[in-house]
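The structure appears below as C-alpha cells.
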Amino acid sequence: MGETVDIKRAGGVATVVMHRKGNNAIALDLMEELATAFEELGRDPEVRAVVLASEYEKYFSVGADLTAMGGQIDRGAPDALEQMTALSERIEELFSRLAACPKPVVAAINGHALGGGCELTL
C-alpha cells in the first residue's frame, strides 16, 4: 500500500502491517498511512475485522520518532510553540481517525509497544 504500511486480506479479516524503519516509530508518515488504511477498511463491506500488526519481530512500535518530529519544527523560530502544538494536534487527529474505524480492531502486539506505541494499541 505504501512506504510504511501494507494491507493483507484473508476472507473478512484485513491485517494492517506496519513496516517503518525497523521499529515503527510514530511520525506523520506512519500515522497518515495508518489513518488512510483504517478509513479504507472501515468503508469496505467485505472487511469484518481489522488486525494491526508489525512486520518486525521485536517491535510493535517504539513510540514517537522524536528525531523526525524535531526535524519538522524550527525550534529557534518565534512560533516554535505553535509549530509544536500544530504537530501534536495533527498526530492526535490521526489517532482519532484510527479510533473511529467502525470495524472491530485487534492489535497483534508481538514486541515492544512503548509510549505512543502503547497508545496505538489502545
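The values are calculated or read from the model by the stated rules, or taken from the named source; none is laboratory data. Given the structure is predicted, the values throughout are model-derived calculations rather than measurements. Note that each Cβ is placed from the backbone with ideal geometry, even for glycine, and that neighbours are counted across all protein chains shown. Each accessible area value is taken on the protein alone, full model and side chains, heavy atoms only, with ligands, DNA and RNA left out. Shrake-Rupley method; radii C 1.70, N 1.55, O 1.52, S 1.80 Å.
List of remarks:
- Condition met for MET1 (open to solvent by 50 Å² or more (accessible area, probe 1.4 Å), of a type in the set (A, V, I, L, M) and either modelled with pLDDT of 95 or more or not in a strand (DSSP E or B) (or both)): yes
- Remark: pairs (first residue in region 61-85, touching a residue at least 12 places away in the same chain (Cβ under 8 Å) and farther than 20 Å from CYS118 by Cβ; second residue open to solvent by 70 Å² or more (accessible area, probe 1.4 Å) and not acidic (Asp, Glu); Cβ separation under 8 Å; 6+ apart in sequence or on different chains) = ILE73/MET84.
- So ALA35, is it open to solvent by less than 30 Å² (accessible area, probe 1.4 Å), closer than 24 Å to ALA10 by Cα and in contact with a Leu (Cβ under 9 Å, 6 or more places away or on another chain): yes
- Any hit, region 70-77, residues being surrounded by 15 or more Cβ atoms within 10 Å (Cβ to Cβ) and under 15 Å from the mean Cα position of the chain (by Cα): no
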